[in-house]
Amino acid sequence: MAECLLDIKKLCTSYDESMVLKEIDLSVYKGEVLCIVGESGSGKSTLIKAICEDKSVRVNEGSVMFKGSHCGHKLLGSSIGLVQQNPEGAFNPLRSFDVQFAETLKSHKREPDKEKLAAIFSTLGLKDTDKLLKMRPYELSGGMNQRMAIAASLLLNPELLLCDEITSALDVSTAIAVVDELLRLRREFGVTIVFVTHNLGIAANIADRVAIMYQGKIVEIGDAKDVLTNPKHEYTKGLLRDVPRLKAM
């Protein structure tokens, strides 16, 4: 049995007085890609915020444990990497990437590793490392900025990478390229990935397991092929009816 990296038990959260997550039970195992799928407002991004102990989310009940310890800002960056939907928001648009990458390392008391960075860039299809590092976010496309955000997250060698709707603003071909690169990262660096998406087609191509969220609950979870070809919950069946061209892996 693979090691359990992330263990969530009976998690209930709210924004002010509005309940969002309701008794979430979820385990994430070392080396897997787990896709959390649901429509807008289902609670997917709130779950990511709760894992990261975002101050906007109030935990009313339950726990989030990473390798037996409570998750939090001390783990975010060093053990847990986060890539958000808007890659530009991860960077100061007017400062070069090399300066921002160096600040990220310094804030976690890490030394620059050019070989590691070159390997990450290569895996992400980023060519001419030195030239890219001298550039600024406003000079790159959304897809390129997303790759740079992933690279920045991987600089600290996280065991777990949280990807929150990172393909939703990208065109189809760029989204497919980013997904392929994430799978290469898993193969080459052994990183465990939690991938939040509303797109079942992407989930079918990247996930080992799929968790379906609806109205703040996980209503179905299991092996990706089983969930996407033989769904048990009516909500999952409805999602699948909306994507008739989805093909099983």
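Bear in mind these aren't lab numbers, they're just calculated from the coordinates by the rules spelled out. Since this is a predicted model, take the numbers as computed values, not measurements. Cβ coordinates were reconstructed from backbone atoms using ideal geometry, including for glycine residues, and neighbour counts include every protein chain displayed.
Quick look at the numbers
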quantity	calculated
FRET efficiency estimate (nearest 0.05) - Cβ-Cβ, Lys127 to Gln215, R0 35 angstrom	0.20
Length added when fully stretched, Glu139-Glu188, from 0.36 nm per residue minus Cα-Cα	14.8 nm
With at most 10 other Cβ atoms within 10 Å, longest stretch of the chain clear of loop trypsin sites (Lys or Arg not before Pro) (DSSP)	128-244
Inter-probe distance in nm under a simple model that places probes 7 Å from Cα toward Cβ, at Lys109 and Asp223	4.5 nm
Percent of Cα pairs exceeding the 16 Å cut-off, where the set is the stretch 159-249	55 percent
Between the stretch 211-234 and the stretch 90-107, the Cα center-to-center distance that results, in Å	39 Å
Calculated [θ] (222 nm, deg cm²/dmol) that DSSP helices of n ≥ 4 give over the chain, each run adding -39,500 (n - 2.57)	-10000 deg cm²/dmol
Length-normalised contact order for the stretch 1-95 - Cα pairs under 8 Å, 6+ apart - percent	30 percent
Size descriptor, Kirkwood hydrodynamic radius, that averages inverse alpha-carbon separations across the chain, Å	18.6 Å
The chain - percent relative contact order, Cα under 8 Å, separation 6 or more	26 percent
Pair Tyr15, Glu61: separation of 7 Å Cα→Cβ label points (nm)	2.2 nm
In the stretch 1-96, GluC sites (Glu not before Pro) in a DSSP loop with at most 11 other beta-carbon atoms within 10 Å	Glu3, Glu17
